[in-house]
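Data first, discussion second: the structure below is written as structure tokens.
What follows draws every value from the coordinates through simple rules; no lab data is involved. These numbers come from a predicted model, not from an experiment. Cβ coordinates were reconstructed from backbone atoms using ideal geometry, including for glycine residues, and neighbour counts include every protein chain displayed.
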Amino acid sequence: MKIVIFGPPGSGKGTYASRLEKRLGVPHISTGDLVREEIRNRTPLGRTIEKYSSSGTLVPDEIITEILKKRVASELSRGFILEGYPRTVGQAEQLEKITRVDVVVNLNVPDKIIVDRLSARLQCKSCGAIYNERTMKPKVSGKCDKCGGELFRRVDDQPEVIRERLRVYREASEPVVDFYRSRNLLRDVVNDDPNADPGQIVDQILKLI
Ligand code: ADP
């Protein structure tokens, strides 16, 4: 099964995609995590893309598509849950050339919930698991429940950068919704309850796909 999880920054894409990975047994591929890995490893590519990611703007389509291609190549027969890509119509066209997609889950979340959520988000340095200081706290403060790794706050989770990411989403990414709607692949999920249990949203997604 080849699934794309689509939605604005902070819509819970990463959280749901990693839970779906366990439920469906297909790998979760996150271009945001691939970008952070390149930056952490201080590769030449990492140095080029750092300026985009830390300011909340998009990495150019050709660069991000190369990064994705490398990762997705080994999963083309098994399937995947792709999260964070495509983010522009150009990327959606590229993805069509790489592989077919079975379904695109579109998460609809109001801006207010997004800003509240992102400003309290924490992520594990080692395994990438996501927590929230208010709603999804780790058992031990500052430590990942799953692997014991150190939790950190992303540099792009500051109010001005969050606003920029939302602006970029409206401008560059929202047209992707129409791209997939016209191909009859889009399934909408409304998530407007700030206290919704991630498990319920995942169940809702599983019913739709
Ligand atoms: P978000 O929480 O904003 O959805 P991600 O973790 O998916 O963030 O991505 C972090 C950053 O990595 C983005 O702001 C962008 O700079 C870069 N990035 C990730 N995926 C893409 C993509 N498909 N196209 C362009 N840039 C990307």
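Can you give the Kirkwood hydrodynamic radius of the chain from its Cα pairs, in Å with one decimal?
On the way: mean 1/r = 0.0575 Å⁻¹.
For the chain, inverting the mean 1/r across all distinct Cα pairs yields 17.4 Å.
For the range 161-209, just say rounded, prolate or oblate: build the C-alpha gyration tensor, square-root its eigenvalues into a ≥ b ≥ c, call rounded for a/c under 1.5, and beyond that prolate if a/b exceeds b/c, oblate if not. The partial results should precede the final answer.
On the way: a/c = 3.57, a/b = 1.17, b/c = 3.05.
It is oblate, given that a/c is not under 1.5 and a/b is not larger than b/c.
Give the shape of the range 20-131 as rounded, prolate or oblate, defined through the alpha-carbon gyration tensor: a ≥ b ≥ c are the square roots of its eigenvalues, a/c under 1.5 means rounded, and otherwise the shape is prolate if a/b is larger than b/c and oblate if not.
Numbers: a/c = 1.36, a/b = 1.11, b/c = 1.23.
Rounded shape, in that the Cα axes give a/c under 1.5.
For the pair residue 63/residue 190, report the inter-label distance in nm, with labels modelled 7 Å from Cα in the Cβ direction.
According to this spin-label approximation, the distance is 3.9 nm.
Sequence gap at least 6, Cα distance under 8 Å: using those rules, report the relative contact order of the range 73-197 to the nearest whole percent.
Numbers: 123 pairs, mean separation 44.6, N = 125.
Rounded, it is 36 percent for the range 73-197.
At 222 nm, what helix-only mean residue ellipticity would the chain give, in deg cm²/dmol to the nearest 500, using -39500 (n - 2.57) for each DSSP H run of four or more? Spell out each step's value before the answer.
Numbers: 9 runs with 92 residues, N = 209.
My calculation for the chain gives -13000 deg cm²/dmol from helical runs alone.
Suppose the Debye formula is applied to equal point scatterers at every Cα of the range 69-152; what is log10 I(q)/I(0) at q = 0.14, 0.20, 0.27 Å⁻¹?
The computed values of log10 I(q)/I(0) come out as -0.72, -0.99, -1.17.
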